[in-house]
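**Q** Supplied in structure tokens, the structure appears directly below.
The values are calculated or read from the model by the stated rules, or taken from the named source; none is laboratory data. For clarity, every value in this text was computed on a predicted model and none was experimentally measured. Ideal geometry is used to build each Cβ from the backbone, glycine not excepted, and the neighbour counts take in all protein chains shown. Calculation scope for accessible area: heavy atoms of the full protein, side chains included, ligands and nucleic acids excluded. Shrake-Rupley method; radii C 1.70, N 1.55, O 1.52, S 1.80 Å.
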There are 4 protein chains.
Amino acid sequence: MNDAETTVALLRKIVEQFVDQRDWHRFHTPKNLAMSLAIEAAEVMEHFQWLTPEQSWEVTGRPDQLAAISDELADVFCYALAMANELGVDVTKAILAKMAKNEKKYPADEYRGRYGPNDLGWQDTGLA
Amino acid sequence: MNDAETTVALLRKIVEQFVDQRDWHRFHTPKNLAMSLAIEAAEVMEHFQWLTPEQSWEVTGRPDQLAAISDELADVFCYALAMANELGVDVTKAILAKMAKNEKKYPADEYRGRYGPNDLGWQDTGLA
Amino acid sequence: MNDAETTVALLRKIVEQFVDQRDWHRFHTPKNLAMSLAIEAAEVMEHFQWLTPEQSWEVTGRPDQLAAISDELADVFCYALAMANELGVDVTKAILAKMAKNEKKYPADEYRGRYGPNDLGWQDTGLA
Amino acid sequence: MNDAETTVALLRKIVEQFVDQRDWHRFHTPKNLAMSLAIEAAEVMEHFQWLTPEQSWEVTGRPDQLAAISDELADVFCYALAMANELGVDVTKAILAKMAKNEKKYPADEYRGRYGPNDLGWQDTGLA
């Protein structure tokens, strides 16, 4: 199984079954899952805390480091999928809706190679 | 398009194209994306900050609230997918590998309805 | 030494000396310290992740748990003080300025025992 | 009032009174305050999200930017003080205890100008 052949729905089901089998829905309140999401995101961040942005690319050439990061990133996905399950949110629809907003907010022509009205880098930007 | 018919690879491609079209890879260092992930996770959390766990379920019956949370959750997914793109991590494989570890760490029989060796709730647990 | 007899300036100096003695200012860029702050805040949060709000009070009666939380909270303070040092921000003045804003935003009469224009708990509130 | 003449106890009292006057202790469970802390830390981080580490120093020369960051940093301090109040933790003692541990973990001689057993920068370090 890999990303090319796996639907979001299947990943959701895998997470759902894991939670079902342990009767953990009682703990997986949206409030608790939101905390879990933030905690796991911080654990991803920990790997990059003291690196320069340039150094942060170098993890791709360090298998052990990359595996550890990959594990933390998986945690973020698992909790995000668990939250989508609990809230009944379709992830694909949510992403498409958000990307449509982003297209309007950051027209490609205007924001190419820069992320603000000037190049000083002080404007917020990104995918969000 | 919805979760049932959409592969992870397709969602990754949608995010990739958005970043490509703006020539934003230069800003999307793994370090910066890790920060973005944590920032968006905090924005999800903000919706649940002052709610009781029970109240946090009630967002499902509040369309405006749910749409806003759905938007923030989409941001988390977008940045997590962007990071998978930059690092060359297969999300499906990473999730399956992590779930296999979780299966061993939290055997279903032992952890059913509880999340620690006793029921006091002081042990860490979850999907991670 | 305790909170009653210790000035903020003295705590700042203790943190500053620790950083000086290791020549770590080069790593303590505001960007890195902001990440550190968020990582340590997540580590505080980890202690409360699966507890109910009511259970979260019970840590005060568990010395080991409280000591561990106290350690993580100290980390948050240390990095916040380190950031104040690097940016040249007077913490006391910053807090007083923010509390003055909060006084206006949340008049005591209007917000007593509630944290929004109604009692449904869906409004944001707090000290921020 | 400034850091040189203000005790931690006084800052704690200012926060305590604000919470008292609004009868907000009921909302300020340790769990909720931990979330608040992480949310405010993320808001500090947002200011540095897309900046290079070098650029992140430049905020000191931008009064508007610095005031905004100062405000968010104040929020972190306020919630951290509120948590110390609710848990009955002496901040000064907690910081001194943690710094003593850090002194042992990171001997100044060994860690001067570097933050790991080698200079590659892949080891974790810092104040925590």
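**Q** Charges at C-beta only: +1 for Lys and Arg, -1 for Asp and Glu. How large is the resulting dipole of chain C about its Cα centre, in Debye rounded to 20?
**A** Around 580 debye, computed over chain C.
**Q** Apply 1/(1 + (r/R0)^6) to the Cβ-Cβ distance of residue D:1 and residue D:97, taking R0 = 22 Å, and write down the FRET efficiency to the nearest 0.05.
**A** Working from the Cβ atoms, E equals 0.20.
**Q** For segment C:12-41 and segment A:49-78, what is the separation of their Cα centres, given in Å?
**A** Taking the Cα centre of each part, segment C:12-41 and segment A:49-78 sit 22 Å apart.
**Q** Could you run the numbers on buried accessible area between C and D, total for both chains, 1.4 angstrom probe, in Å² to the nearest 100?
**A** 7700 Å²
**Q** Given axes a ≥ b ≥ c from the Cα gyration tensor, I'd like to know whether the protein assembly as shown is rounded (a/c under 1.5), prolate (a/b larger than b/c) or oblate.
**A** Cα axes put the protein assembly as shown in the rounded bin.
**Q** Continuing with this model, one more query. Express in Å², to the nearest 10, the accessible area of residue B:26 obtained by rolling a 1.4 Å probe over the protein heavy atoms while all chains stay in place.
**A** Accessible area, nearest 10 Å²: 140 Å².
**Q** Another question, if that's okay. Nearest 10 degrees is fine. How inclined is helix D:8-21 to the longest principal axis of chain D, computing both from alpha carbons?
**A** Taking the Cα atoms of chain D, the angle to D:8-21 is about 40 degrees.
**Q** Of C:55, C:42, C:29, which is farthest on the positive side of the dipole of chain C, counting Cα position, with +1 on Lys and Arg Cβ, -1 on Asp and Glu Cβ, and the Cα centre as origin?
**A** Of the listed residues, the answer is C:29.
**Q** Another question, if that's okay. What number comes out for accessible area per residue over the protein assembly as shown if the probe is 1.4 Å? Units Å², please.
**A** Value returned for the protein assembly as shown: 38 Å² of accessible area per residue.
**Q** Ok, one more. Using modelled amide H (1.01 Å from N, peptide plane; none on Pro or chain starts), what sits under 5 Å from the amide H of residue B:23, excluding residues fewer than 5 places away?
**A** It is A:113, by chain and number.
**Q** Okay, next question. Considering the rotation that carries chain C onto chain D, locate the chain C residue whose Cβ comes closest to its axis and report the distance in whole Å.
**A** Minimum Cβ distance to the axis, with residue: C:41, 2.
**Q** Roughly how many percent of the accessible protein surface of the protein assembly as shown is carbon and sulfur, given a 1.4 Å probe and a whole-percent answer?
**A** Reported share for carbon and sulfur atoms: 50 percent.
**Q** Just list whichever of A:31/A:101; A:98/B:13; C:13/D:93 have alpha carbons separated by over 22 Å in the model shown.
**A** A:31/A:101, as the Cα separations exceed 22 Å there.
**Q** Using alpha carbons only, how many degrees (0 to 90, rounded to 10) separate the axis of helix C:63-87 from the longest principal axis of chain C?
**A** Rounded to the nearest ten degrees, it is 70.
**Q** Next question. With n ≥ 4 as the cut-off for DSSP H runs, can you work out [θ] at 222 nm for chain B, using -39500 (n - 2.57) per run divided by the number of residues, rounded to the nearest 500?
**A** Taking each H run of at least 4 residues, the total per residue is -20000 deg cm²/dmol.
**Q** Could you state the angle between the C-alpha long axis of helix A:30-46 and the longest principal axis of the C-alpha atoms of chain A, as a value from 0 to 90 degrees rounded to the nearest 10?
**A** The helix A:30-46 is inclined about 50 degrees to chain A.
**Q** Shape verdict for segment B:43-97, please, from the Cα gyration tensor: rounded (a/c under 1.5), prolate (a/b greater than b/c) or oblate.
**A** Note, shape of segment B:43-97 comes out prolate.
**Q** Related question: For a quick check of understanding: with a 1.4 angstrom probe and all protein chains in place, what accessible area in square angstrom does residue D:58 have, to the nearest ten?
**A** Estimated to the nearest 10 Å², residue D:58 gives 90 Å².
**Q** Cα gyration tensor of segment B:1-108, axes a ≥ b ≥ c as square roots of the eigenvalues: rounded (a/c below 1.5), prolate (a/b > b/c) or oblate?
**A** oblate
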